[in-house]
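The values are calculated or read from the model by the stated rules, or taken from the named source; none is laboratory data. Everything numeric in this text was worked out from a predicted model, so none of it was measured. Methodologically, a virtual Cβ is constructed for each residue, glycine included, from the backbone with ideal geometry; neighbour enumeration extends over all protein chains shown.
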Amino acid sequence: MEEEESEETEVAAALVGAPEAFESSNLALDNQPLVFQAEPNFLKMMEQMTQFMGQLTQEVSPRDNSKCLAFKTPSMKASDSFDGTQAHQLRGFIQSCQLIFHNDPENFFSDRRKVLNSTSFLTGRAGKWIEPYLSNISNEDPSYLPKNWQLFETQLLTLFGDPNEVRKAEQELDNLRMKESGHVSLYIADFRSLMSIIEDWGERAYIHVYRRGLASILLDKLALHPGTFDTLLKLMDVTLELDTRYHEREKEKGGNQEKKPPVPGSNPSRPPKGSTSKRPHHKKNKKGKQFQSSKDKSHAALLKKENKLIGSEKERRIKEGLCTYCGGKHPIEKSFKRPQNKPGSSRGFPRKKQKF
């Protein structure tokens, strides 16, 4: 019991003196540097990080812009020159210029560069028109023509374009029709080309004109297609798909056609029973002369020059009781008799009377 009481007294004394010991330890730490307060492992890790950052800073040098390879767009064909005399070439000239601008936006980032590049291809009347503007190229007004691509394009179309271009395009689009056996892709290409000139028709008007010009086979297939077509693009996509399937099927049908086998017992060289065509007894050569059949040749061999039977053939017919004139098996009295030669007649046949 006495030992237990002594242990409890020591623990209580330790607890009473604990706050004073904690405060004294804090005062001792405050008087020491922060480096000595950290653990050894943490200090070592910080040193390694510092060395790594120093090496990284030394290895990484400023980027040399002169050695940096710039992105280059694929080379494109330069625009053809335009002299202002061929109005139908103007729209193609403008489109070729725009294609170059879109392909190289880094070089043609301003309207001034676009206009100056395009004017380098203007010759003749068009070149003389742009000369006064180029003499005052230092003009800082944003609305000045060499610094405004939209104004430059509008002036070109007004001065050198076809004044009836839009009206002609409207008439061509209204009369545009797809061939019944053609491909809808060609029809779409022509339709889009005319649309780019008109530009101010509504979506519903374009859909109506496009449907009207389609081939009848596609109109029949569209009638069976579910859903409606709110946009021209959707209608074009559907007709293109239907047309592709149709032509693929036509190719399959053409490749699968086989000749029917002949019917057993039939003679392909013999004409059908219901045929009214008759084979000619004599054929004509190129000069119009008739060829004699084998039967006629054998009969001619039995005749003399005077168209009389030779002696051996006449005797044979008499022995066999055949007609000496035609060789048939009938009495001689019933045989066809030739008319007697008359004066002025030839070979037993009367001459035709001559008309005077």
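Within region 190-214, residues that are more than 18 Å from M178 (Cα to Cα) have Cβ atoms under 7 Å from residues that are not in a helix (DSSP H, G or I) in these pairs: E203/T231, counting only partners at least 6 apart in sequence or on another chain.
Would it be correct to say that L219 is within 22 Å of the chain's Cα centre (by Cα), surrounded by fewer than 17 Cβ atoms within 10 Å (Cβ to Cβ) and within 28 Å of Q86 (Cβ to Cβ)? No: the conditions fail for L219.
Here I207 clears all of (1) β-branched (V, I, T); (2) surrounded by 12 or more Cβ atoms within 10 Å (Cβ to Cβ); (3) closer than 27 Å to G84 by Cα except the condition numbered (3).
The set of residues from region 164-190 being within 15 Å of L218 (Cβ to Cβ) and surrounded by fewer than 11 Cβ atoms within 10 Å (Cβ to Cβ) comprises K179, E180, S181.
Okay, residues lined up against (1) among the polar types (S, T, N, Q); (2) not in a loop (DSSP other than H, G, I, E, B):
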| residue | (1), (2) |
| --- | --- |
| F109 | no, no |
| K114 | no, yes |
| N117 | yes, yes |
| R125 | no, yes |
| E131 | no, yes |
| S138 | yes, no |
| Q155 | yes, yes |
| A189 | no, yes |
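Taking the condition modelled with pLDDT of 90 or more and under 30 Å from T244 (Cβ atoms), does E172 pass? Yes: the conditions hold for E172. For the structure I just gave you, tell me whether K168 is over 22 Å from the mean Cα position of the chain (by Cα) and not β-branched (V, I, T). Yes. Only one of the numbered conditions (1) surrounded by 15 or more Cβ atoms within 10 Å (Cβ to Cβ); (2) at pLDDT below 90; (3) under 36 Å from the mean Cα position of the chain (by Cα) is violated by D83, and that is (2).
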